[in-house]
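A short worksheet on the structure shown next.
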Amino acid sequence: MRIVVFADSHGKTFRLKRIMEAQPKADCYIHLGDGYDDALELRAAFPKANILAVVGNCDYNSLDVDTKLFEAAGKRIVYTHGHRFGVNGSMDRLVRLAADKSADIVLFGHTHIPFFAVKDDVYYLNPGNANAYDAVKFATIDILKDNVVCNLTELK
């Protein structure tokens, strides 16, 4: 199973469309906030795509939540924007979130900085800023039979 993750598009839907076009066979796409309306536009532009989203601190008009949980290929995945978990200073609250939700994978945005780590068998991934001027940043997650492969990627 392939999941494509992006965050912090801040109104630049055309950059997200580039990601969707570069990764057309993904099973799921996740927008991690600060561009919730962009995710809604993607749903309209790509009606067959499975696009999930949470709100971020800049998604003022949305009534959706900023943290969600789902299961994919036997893995519990928590995805959040991250602003309520202090991700600019520490991973501690995300680690507690992972434990509370029995998560295998935790996805977050907000910092605009790509990040990947594995701690106590939990994968932590921030795709970076999909709105960066130098490159459109995103991540892929491949959930295989016995392994999870995460890649931070960018389009120039």
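Throughout, read-outs are computed from the coordinates displayed, never taken from laboratory work. Values in this document were obtained by computation on a predicted structure and should not be read as measured data. Every residue, glycine as well, gets a Cβ built from its backbone with ideal geometry; the counts of neighbours run over all protein chains shown.
Summary of values
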| item | result |
| --- | --- |
| Relative contact order of the chain, defined on C-alpha pairs under 8 angstrom at six or more residues apart (%) | 24 percent |
| Partners for Lys17 among lysines (Cα-Cα distance below 25 Å; same-chain residues under 8 apart left out) | Lys25, Lys48, Lys68, Lys137, Lys156 |
| Per-residue HN-Hα couplings for segment 80-89 [Karplus 6.51, -1.76, 1.60; θ = phi - 60°; Hz; x = Gly/Pro] | 8, 6, x, 4, 7, 10, x, 5, 6, x |
| Segment 2-155 - charge dipole about Cα centre, Lys and Arg +1 at Cβ, Asp and Glu -1, debye rounded to 20 | 200 debye |
| Sum of -39500 (n - 2.57) over DSSP H runs of 4+, divided by residues of the chain (222 nm, nearest 500) | -5500 deg cm²/dmol |
| Charge-dipole axis of segment 26-138 as Lys and Arg at +1 and Asp and Glu at -1 on Cβ define it, positive-most pick from Tyr79, His110, Val54 | Tyr79 |
